[in-house]
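Q: Here you go, one structure.
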Amino acid sequence: MGALKLEYIPQYTYEEYKVWEGKWELIYGVPYAMSPAPMLKHQKISNKIARYLDEMLEDCKHCFATLSVDWKIDDNTTVQPDNMVLCHEPFNQSYIKKAPKVIFEVLSKSTMQKDLNLKYDIYEKEGVEYYVIVDPNDEFAKVYNLKDGRYIKVDEAHNDIVKFYIQDCDESFELDFSLIWE
């Protein structure tokens, strides 16, 4: 038996995606289940990231932090990053349309390969300024910054303070990664 041909894989659209039960992501027309639900450690870290981002951006008139929400990139791709920093009008009712400035993905065993590869490529292509891959088991985060259309690793943080500069907004904030681990 040969390799599965691309034309044999069913393709779906946002219209179909939005009525599915459970948590899903749609990437290039292919559905990805977001189950099982993230483990408790994953949830705690994501909540701490959201809390500290929210506190740091409290005085900014343009930027704010959010937990997982649909980002509809096009009719065939909708993703749900764990944490985001948005510096624009956020919602078109049930999803965002414009690229977040910063995305944090907290790795889970079931989604690790997608986060490290597929989403990395998507976020880079879509112009997300910072992509932070958080490893809850080894308690470190790889911080990538978009330079000339490519991600450059700027830090591998454990107990480090990392400064994020938001370009179009002229804002910056610092995240002390020692605060997000248990």
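The values are calculated or read from the model by the stated rules, or taken from the named source; none is laboratory data. Bear in mind that the values here come from a model prediction, so they are computed numbers and not experimental data. Cβ atoms come from the backbone with ideal geometry, glycine included; neighbour counts cover every protein chain shown. With ligands, DNA and RNA removed, areas are computed over all heavy atoms of the protein, side chains included. Shrake-Rupley method; radii C 1.70, N 1.55, O 1.52, S 1.80 Å.
Condition check ((1) loosely packed, with under 12 Cβ neighbours inside 10 Å; (2) assigned to a loop (DSSP other than H, G, I, E, B)) across all residues:
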position: 118; (1), (2): no, no
position: 124; (1), (2): no, no
position: 128; (1), (2): no, yes
position: 146; (1), (2): no, no
position: 154; (1), (2): no, no
position: 163; (1), (2): yes, no
position: 168; (1), (2): yes, yes
position: 173; (1), (2): no, no
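Q: I'm trying to understand the selection: among the residues of the stretch 44-73, which are in a strand (DSSP E or B), buried (at least 20 other Cβ atoms within 10 Å of the Cβ) and among the β-branched types (Val, Ile, Thr)?
A: Residue satisfying the conditions is 73 alone.
Q: In addition: Conditions: (1) in contact with a His (Cβ under 9 Å, 6 or more places away or on another chain); (2) in a loop (DSSP other than H, G, I, E, B). Residue 182 meets all but one. Number of the miss?
A: All conditions pass for residue 182, except number (1).
Q: Right, next: Check whether at least one residue in the stretch 8-18 is without any contact (Cβ under 8 Å) to a residue 12 or more places away in the chain, open to solvent by 20 Å² or more (accessible area, probe 1.4 Å) and hydrophobic (A, V, I, L, M, F, W, C), and report yes or no.
A: no
Q: Next question. What residue, among those in the stretch 108-145 that are more than 25 Å from residue 169 (Cβ to Cβ) and in contact with a helix residue (DSSP H, G or I) (Cβ under 6 Å, 6 or more places away or on another chain), is modelled with the highest pLDDT?
A: Residue satisfying both the conditions and the ranking: 136.
Q: Quick check on residue 41: is it surrounded by 15 or more Cβ atoms within 10 Å (Cβ to Cβ), of a type outside the set (Asp, Glu) and not in a strand (DSSP E or B)?
A: yes
Q: Give the residues of the stretch 98-114 that are under 15 Å from residue 77 (Cβ atoms) and either open to solvent by less than 20 Å² (accessible area, probe 1.4 Å) or part of a helix (DSSP H, G or I) (or both), sorted by residue number.
A: Answer for the stretch 98-114, where residues must be under 15 Å from residue 77 (Cβ atoms) and either open to solvent by less than 20 Å² (accessible area, probe 1.4 Å) or part of a helix (DSSP H, G or I) (or both): 100, 103, 114.
Q: Condition first: at pLDDT 95 or above and among the acidic types (Asp, Glu). Now tell me which residues in the stretch 83-107 satisfy that.
A: Within the stretch 83-107, just 105 meets the criteria.
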